[in-house]
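The structure appears below as structure tokens.
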């Protein structure tokens with residue numbers, strides 16, 4: 001899927017509608033200049049492109065509601081776009097030139113933080129990192145953490161039910177959400193910003209909206225759960241003997257203290273080699289190269305938690321059992337950062353090494369070793385010389401089963417086989433009762449897979465819900481559901 | 001709402017349908033004898049009654065699917081009934097005599113327990129206590145815990161998103177569910193028993209079904225999350241100075257170790273007096289009576305967790321601050337049980353004291369003291385001599401703001417004022433941004449409140465979803481949504 005973007009014709013909004021929208025949104029609220037629109041017409045990976053007559057930037061829920069009502073009456077499709085860091089084209093308009101883009105970047109207030117209720121009320125346009133920092137400023141933790149946190153927005157991470165590194169301890173975005181404010185396709189507003197741990201009053205519309213990728217309604221604000229901040233931490237990088245040894249190490253930590261495992265990340269020797277080769281300043285803090293690595297991140301809000309003691313005790317057991325071959329404990333904030341950077345720069349290192357195809361899959365935790373082993377072998381057989389780079393969230397069963405092109409191959413030729421590569425991994429994932437999209441969602445890339453994997457009564461129910469809440473099919477058309 | 005039950009006429013199922021159902025379900029699968037049906041036609045509180053021509057007892061998902069398809073074609077309404085311990089009549093047919101009752105009590109297998117994945121696959125008819133025991137047998141914990149656990153079923157607790165005592169630590173039933181198998185009104189089956197921590201593939205139908213009270217589909221089996229079992233515990237009963245002191249004590253524990261607070265239950269002096277008066281063997285383990293009590297239940301899977309030390313340290317701080325007046329730490333399993341029994345027998349003690357009206361409400365945690373104080377005063381003003389009995393899950397903001405009749409009043413006269421009493425509490429709950437149904441749901445009791453509290457776009461979306469998934473309105477009619 002190389003860059004094939006060429007400027008496309010757009011269908012301008014009818015003049016009376018334009019004027020009505022301007023009256024609602026004000027001069028800063030509509031962008032139609034092509035050069036201002038351009039950054040919104042390609043995703044950050046350069047894989048998806050679209051065309052659009054206008055970008056709408058409402059400053060409030062009321063403005064959005066009034067604007068959506070007009071667009072609904074005029075049958076204009078709308079594509080919500082947060083940080084535009086979707087991995088699957090979820091925030092990209094299509095190439096018809098008819099779809100209006102909706103950005104909530106001006107709705108970026110943190111309305112409230114309550115350290116007694118342990119809640120934050122954040123508007124959809126708040127950047128994830130800003131939300132993390134605001135929580136920290138109130139002495140609390142908002143635990144959602146992922147690579148794109150400097151650009152991804154609260155609206156985006158909820159609409160895609162983002163996961164990331166700390167799901168093993170705190171859950172996905174869904175579990176961090178207590179209430180939502182939602183604007184429906186016809187402009188109706190659901191006022192659901194309730195700060196309640198228990199609220200069984202009718203259907204869980206908020207949960208239906210989480211992960212719906214903006215195709216059923218627009219999330220404009222959320223009540224988010226906060227946690228006590230970490231007062232003790234311990235981080236280690238380990239070379240482990242095998243995929244099975246990595247899982248065994250996870251179980252050892254979980255059995256001792258499941259609340260202390262903040263993240264447990266697997267990396268392959270190949271992926272680490274790429275990071276060491278391409279990332280400036282990257283150094284392996286171990287005596288020699290391994291074939292399998294694990295990043296263990298322990299944290300606790302207990303000031304007296306002896307996590308270093310826990311780390312050392314468990315690693316010693318695992319060294320004696322032959323599961324861990326070597327380990328380095330971070331002794332400083334700088335070392336902690338350096339170890340995490342080896343993991344966080346995996347996508348960037350893969351990009352610099354050449355073309356790669358991403359497979360964001362999950363299986364039951366117990367099946368992770370089998371997934372990694374079988375997929376790696378199958379991929380190497382499918383494309384001789386290709387280099388599997390499995391890495392990710394072992395504690396959640398969520399492995400990015402990525403494949404790097406063979407050295408010297410034409411990237412376009414390799415990328416032309418994207419769907420073969422995905423099919424190859426997915427066939428194994430399916431045998432292991434897994435999912436073809438663990439945390440990235442469906443977007444523009446995978447609606448056909450949804451039909452194949454979730455067909456029958458399940459897809460039927462989804463289509464009926466879509467038709468019920470968005471009868472004209474105007475919200476994020478072409479995403480999530482097959483046409 | 002006294003018992004006004006009189007036998008009612010039923011509309012027998014048409015003979016051809018009866019025969020077709022018998023062919024599917026077998027001789028044990030349909031009950032039509034009035035005396036066998038009787039236990040299913042009143043709820044356990046004796047407040048709700050109904051009439052029904054038949055109880056269906058399928059032995060498998062396939063049988064249920066085939067039977068529902070026939071009922072759908074014949075326009076026969078169906079009321080699912082689990083343990084029949086709904087507080088709001090959620091499992092009771094109406095009095096039309098047309099509604100068939102569906103019991104999944106024969107679908108009571110635990111299909112799988114996996115201590116690596118930390119999951120259990122349980123059929124809907126498994127009793128909650130059985131699920132807890134099966135988890136314990138595998139060295140794990142299934143943490144959902146509530147008064148009716150000896151009769152409530154997995155299908156019922158998921159369909160009502162039950163909460164209970166441990167929500168503060170482990171979440172509601174929703175958070176303990178990873179995947180569901182669901183039969184839709186027309187017999188279509190959603191095969192969603194996925195044991196995945198991350199699975200973003202389309203709309204979250206499983207979350208829509210949780211809390212829908214069987215009005216959108218029938219949950220036939222679930223993948224449930226397990227946790228490491230507790231290896232350390234500490235339980236105390238405290239007399240506290242005020243409602244505010246109770247909240248302050250909760251915060252002290254949460255700040256020290258939020259993962260250790262398994263339950264934090266408030267009780268009033270009045271409620272404790274009733275328990276001591278009516279419950280055989282109940283003894284207050286404190287030197288004198290208080291106006292406010294708290295049950296603190298700490299637990300950890302860490303074998304070396306010093307929870308007794310934590311308990312003593314925090315209680316000492318709170319004693320010095322004047323928040324805690326007296327405290328008793330359980331020294332044995334028998335003492336732990338005795339302290340919990342004082343709390344668990346609160347509903348029974350209220351029943352023996354006379355007629356009472358239940359208000360299952362929630363507010364943000366920070367507002368709990370205000371809720372208790374203001375509601376108690378308003379209720380005493382509404383019905384002179386009446387006795388407020390607030391108790392429950394302070395750590396979740398969920399208080400059962402119950403009211404006991406005045407001594408000597410005719411119970412029927414008191415119960416005739418049920419709706420005044422609920423309105424009185426709900427007016428305060430609404431000012432505090434709370435919910436009129438925290439954990440019991442809507443059932444037959446509160447559809448009108450749903451319309452009042454969740455009207456406009458929110459109720460509109462719920463009605464459209466109901467029409468989309470159950471177009472003939474055959475599943476649990478008259479529950480959840482207003483007519």
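The values are calculated or read from the model by the stated rules, or taken from the named source; none is laboratory data. Since this is a predicted model, take the numbers as computed values, not measurements. For neighbour counting, all protein chains shown are included, and Cβ atoms are generated from backbone atoms with ideal geometry for every residue, glycine included.
Key figures for this structure:
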{"quantity": "Within the range B:394-455, helices (runs of 4 or more DSSP H) holding 2 or more residues that are without any contact (Cβ under 8 Å) to a residue 12 or more places away in the chain and either farther than 18 Å from residue B:351 by Cβ or away from chain A (no Cβ under 14 Å) (or both)", "calculated": "B:418-431"}
{"quantity": "Every residue from the range B:176-191 that is touching a strand residue (DSSP E or B) at 6+ places or on another chain (Cβ under 7 Å) and more than 7 Å from chain A (Cβ to nearest Cβ)", "calculated": "B:176, B:177, B:178, B:179, B:180, B:181, B:182, B:183, B:185, B:191"}
{"quantity": "Considering residues of the range B:361-378 that are out of contact with any helix residue (DSSP H, G or I) (no Cβ under 6 Å at 6 or more places or on another chain) and crowded, with 24+ Cβ neighbours inside 10 Å only, the residue farthest from the other protein chains (Cβ to nearest Cβ)", "calculated": "B:371"}
{"quantity": "Selection status of residue B:201, more than 10 Å from every other protein chain (Cβ to nearest Cβ), closer than 30 Å to residue B:470 by Cα and not in a helix (DSSP H, G or I)", "calculated": "no"}
{"quantity": "Helices (runs of 4 or more DSSP H) lying entirely in the range A:1-80 (those with 3 or more residues that are touching a strand residue (DSSP E or B) at 6+ places or on another chain (Cβ under 8 Å), modelled with pLDDT of 95 or more and buried (at least 18 other Cβ atoms within 10 Å of the Cβ))", "calculated": "A:61-73"}
{"quantity": "Verdict on residue B:194 being at the interface with chain A (Cβ under 8 Å from one of its Cβ atoms), in contact with a strand residue (DSSP E or B) (Cβ under 6 Å, 6 or more places away or on another chain) and farther than 21 Å from residue A:466 by Cα", "calculated": "yes"}
{"quantity": "Scope the range B:333-360; condition under 30 Å from residue A:223 (Cα atoms) and touching a helix residue (DSSP H, G or I) at 6+ places or on another chain (Cβ under 9 Å); matching residues", "calculated": "B:358, B:359"}
{"quantity": "Residues satisfying the stated conditions in the range B:176-195, i.e. surrounded by fewer than 24 Cβ atoms within 10 Å (Cβ to Cβ) and assigned to a loop (DSSP other than H, G, I, E, B)", "calculated": "B:185, B:186, B:187, B:188, B:193, B:194"}
{"quantity": "Some residue of the range A:121-140 being surrounded by fewer than 20 Cβ atoms within 10 Å (Cβ to Cβ) and on the phi > 0 side of the Ramachandran plot", "calculated": "yes"}
{"quantity": "Residue identified as over 30 Å from residue A:369 (Cβ atoms) and in contact with a helix residue (DSSP H, G or I) (Cβ under 7 Å, 6 or more places away or on another chain) among B:58, B:77", "calculated": "B:58"}
{"quantity": "Some residue of the range A:231-248 being surrounded by 18 or more Cβ atoms within 10 Å (Cβ to Cβ) and closer than 26 Å to residue A:160 by Cβ", "calculated": "no"}
{"quantity": "Qualifying positions in the range B:356-370 - more than 21 Å from the chain's Cα centre (by Cα) and over 14 Å from residue B:250 (Cβ atoms)", "calculated": "B:370"}
{"quantity": "Residue, nearest to residue B:80 (Cα to Cα), within the range B:471-482, restricted to residues that are surrounded by 21 or more Cβ atoms within 10 Å (Cβ to Cβ) and facing another protein chain (nearest Cβ under 10 Å)", "calculated": "B:480"}
{"quantity": "Answer from B:327, B:313, B:305 - the residue that is within 14 Å of another protein chain (Cβ to nearest Cβ) and outside any helix (DSSP H, G or I)", "calculated": "B:305"}
{"quantity": "Test result for residue B:384, away from chain A (no Cβ under 14 Å), out of contact with any helix residue (DSSP H, G or I) (no Cβ under 8 Å at 6 or more places or on another chain) and within 27 Å of residue A:469 (Cβ to Cβ)", "calculated": "no"}
